[in-house]
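These notes are about the structure you will find just below.
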Amino acid sequence: VAARLNSSGFLRTLGLIGGKWIEAYDGKTMTVHNPATGDVVANIPCMGGRETNDAIGSAYNAFRTWSKLTAAERSKCLRKWYDLIISHKEELGQLITLEQGKPLKEAIGEVSYGASFIEFFAEEAKRIYGDIIPSPLADRRLFVLKQPVGVVGVITPWNFPLAMITRKVGPALACGCTVVIKPSELTPLTALAAAELSIQAGIPPGAVNVVMGNASEIGDALLASPQVRKITFTGSTAVGKKLMAGAAGTVKKVSLELGGNAPCIIFDDADLEVALKGTLATKFRNSGQTCVCANRVIVQEGIYEKFANAFSHAVQNLKVGDGFGEGVAQGPLINDAAVHKVDSFVQDAISKGAKVLLGGKRHSLGTTFYEPTVLTDVKNEMLISREEVFGPVAPLLRFKTEEEAIHIANDTNAGLAAYIFTTNVQRSWRVSEALDYGIVGVNEGLISTEVAPFGGFKQSGLGREGSKYGMDEYLELKYVCLGNI
Ligand code: ADP
């Protein structure tokens, strides 16, 4: 696959600074692996602070011209970038499967989803309206202008190698900002391919830069620079907190999409088929490695046994294997450490009284595979309910009343996505309003779309991505007072 992709003309294995493909200044490299096989896919430069500072410098220079283009001109470039991503959908999908592991069909789905942010924000670029405020004084006129914040540091994780980048870079470029991207070192090739396509689309050199290598050194350089006016990050809560604290030194704006602990509440009055399908989708997408994956399946006592058995049956039918395999629904986890974490949570739950209905151990396919697992009799105090499991494990908790379900659901510091399954419309409103979560799916397990705001309450983050609200994150408001007229 790597060889075939190599001839596609968009595979890049160097950093991108000021429109040039660059090695690490000290020549250091690191390797990218296929998580399904452990094979080395590519060598990439291991960069640090010096390269990052140069990338910031070129983004700063490019900002002068990019931000001065008309919205229509920026929009055209973005639209072209979208078209190029779509015309490389298959190859980009293959690249995602190769370095991230998700099944090819899901990977191609990510390309469409990721590209949709570029298309959407290409359109939004033309709708950055200001305001005219009625003046309290007769000889004045008051205006509000919206202007790009400046250079943006973009730090992304490995679970959506393309979409996590486009949902940040799309609105940033649309607003007139320029970016320094630091993709995850586990999945940099998709980011580099997307950056190459941005150049082919006519987005000027320096507007999009990509550095990778020593994450904390690159992060520190981004945080220290007064030229970087904003950090946008998706990843772990621990790193997000570090970045937020680090941004204080230069008072940068920050947007954070951090960990979730999504409850998926199944009421007795749920449509069983809808609940099964929705829970399966939200739990097992990307082998459970998304921040909106159901982390706790909270089931009412009247439907508990029936749901548990039917769900376990459905999970049993998920084919596990290399993401390139025919009919595979569950690929590998990102690395051995991820499997180790998942297994330690499962073993902890079992030792505290949870029962294994299905799976519950490493998969015979290899060190990065885990058996799709269903646990029953899980309690909210167990580690598996407190932390994000980020793997193919569905812990089933039990509740009696609506109040109890809401209490269990909200009893966490996270607040990203929540799901409820009920056919009672009053209940669906009551519970949606009572959940301390930024996103609520009612009778639906797949809720992400470029047209709706995505983001969390509490320690799940700050700011929103996607939708018209996603633009605000990259804009400053400027109040202009025109006096003595
Ligand atoms: P995950 O568990 O999803 O890998 P991380 O928060 O560890 O979450 O990683 C998300 C992104 O943050 C990755 O690109 C990673 O390299 C980067 N990262 C990790 N540590 C730091 C840091 N100290 N400064 C800046 N970026 C970091």
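With θ taken as phi - 60° and the coefficients 6.51, -1.76 and 1.60, list the Karplus ³J(HN,Hα) couplings across region 350-367 in order, rounded to whole Hz; mark glycine and proline as x.
Each residue's phi maps through the Karplus curve to give 4, 5, 9, x, 6, 10, 8, 8, 7, x, x, 7, 4, 8, 5, 5, x, 5 Hz.
Which of the residue pairs Lys80/Lys126; Lys182/Lys252; Lys253/Lys458; Lys168/Lys468; Lys253/Lys341; Lys89/Lys319 have a Cα-Cα distance greater than 22 Å in the structure shown? Spell out each step's value before the answer.
On the way: Lys80/Lys126 15 Å; Lys182/Lys252 17 Å; Lys253/Lys458 18 Å; Lys168/Lys468 13 Å; Lys253/Lys341 33 Å; Lys89/Lys319 24 Å.
From the list (Lys80/Lys126; Lys182/Lys252; Lys253/Lys458; Lys168/Lys468; Lys253/Lys341; Lys89/Lys319), the Cα-Cα distance tops 22 Å for Lys253/Lys341; Lys89/Lys319.
For Val210, Val342, what's the fewest-to-most ordering of other Cβ within 10 Å of each Cβ? Don't jump to the answer; show the numbers that get you there.
Numbers: Val210 27, Val342 23.
Arranged by neighbour count, lowest to highest, Val210, Val342 become Val342, Val210.
In nm, to one decimal, how far is the modelled label at Glu403 from the one at Lys89, with both set 7 Å along Cα→Cβ?
5.1
When a/c reaches 1.5 or more, the comparison of a/b and b/c decides; with that in mind, is the chain rounded, prolate or oblate per its Cα gyration tensor? Show your work: numbers first, answer last.
Details: a/c = 2.01, a/b = 1.33, b/c = 1.52.
Oblate.
HN-Hα J couplings of region 329-335 from phi, Karplus 6.51/-1.76/1.60, θ = phi - 60°, integer Hz, Gly and Pro as x?
Here the 3J(HN,Hα) series is 10, 10, x, x, 7, 5, 7 Hz.
Step through the residues of region 306-317 one at a time and calculate ³J(HN,Hα) from phi using the Karplus curve (6.51 cos²θ - 1.76 cosθ + 1.60, θ = phi - 60°), rounding each to whole Hz and writing x for Gly and Pro.
Working through the residues one at a time gives 4, 5, 4, 5, 5, 5, 4, 5, 5, 5, 4, 7 Hz.
Roughly how many Å is it from the Cα centre of region 108-136 to that of region 284-335, as a whole number?
Result: 34 Å between the Cα centres.
Distance between the C-alpha centers of region 372-406 and region 21-42? Whole Å please.
Between the Cα centres of region 372-406 and region 21-42 lies a distance of 38 Å.
Kindly provide the trypsin sites (Lys or Arg not before Pro) of region 350-449 that DSSP labels as loop, not H, G, I, E or B, and whose Cβ sees at most 11 other Cβ atoms within 10 Å.
Working: sites: Lys352, Lys355, Lys361, Arg362, Lys379, Arg386, Arg398, Lys400, Arg427, Arg430; in loops: Lys352, Lys361, Lys379, Lys400.
Passing both the DSSP loop test and the Cβ count: Lys400.
Just to be sure I understand the model, the point goes 7 Å from the Cα along the line to the Cβ. What's the resulting Phe143 to Ala248 distance in nm?
Here the modelled spin labels are 3.8 nm apart.
Tell me whether region 20-89 comes out rounded, prolate or oblate; compute the Cα gyration tensor, take square roots of the eigenvalues as a ≥ b ≥ c, and use a/c under 1.5 as the rounded threshold.
oblate
I'd like the trypsin sites (Lys or Arg not before Pro) in region 42-80 restricted to DSSP loop residues with at most 14 other Cβ atoms within 10 Å, sorted by number. All intermediate terms of the calculation are to be shown ahead of the outcome.
Working: sites: Arg50, Arg64, Lys68, Arg74, Lys76, Arg79, Lys80; in loops: Lys68.
Those satisfying the criteria are Lys68.
Between Met47 and residues 5 or more places away or on another chain, which pairs have amide H atoms under 5 Å apart, with H built 1.01 Å from N, and which residues are they?
Met212, Gly213, Asn214
I'd like the orientation of helix 89-100 relative to the chain: the angle between its Cα long axis and the longest Cα principal axis, in ° from 0 to 90, rounded to 10.
60
Rounded, prolate or oblate: which one fits region 259-324, using the alpha carbon gyration tensor with axes a ≥ b ≥ c (rounded when a/c is under 1.5, else prolate when a/b beats b/c, else oblate)?
oblate
Near the amide H of Ile22, under 5 Å away, which other amide H atoms are found, from residues 5 or more places off or on another chain, if H is placed in the peptide plane?
Amide H to amide H, under 5 Å and 5 or more residues apart or across chains, Ile22 pairs with Gly15, Leu16, Ile17.
Can you give me the long-range amide H partners of Tyr419? Hydrogens built in the peptide plane at 1.01 Å from N, cutoff under 5 Å, separation of 5 or more residues or another chain.
Sorted by chain and number, the residues that satisfy this are Cys264, Ile265, Gly441.
Every number in this text was worked out from the coordinates using simple rules, so none of it is lab data. The model shown is predicted, which means the values in this text are computed figures rather than measured ones. For neighbour counting, all protein chains shown are included, and Cβ atoms are generated from backbone atoms with ideal geometry for every residue, glycine included.
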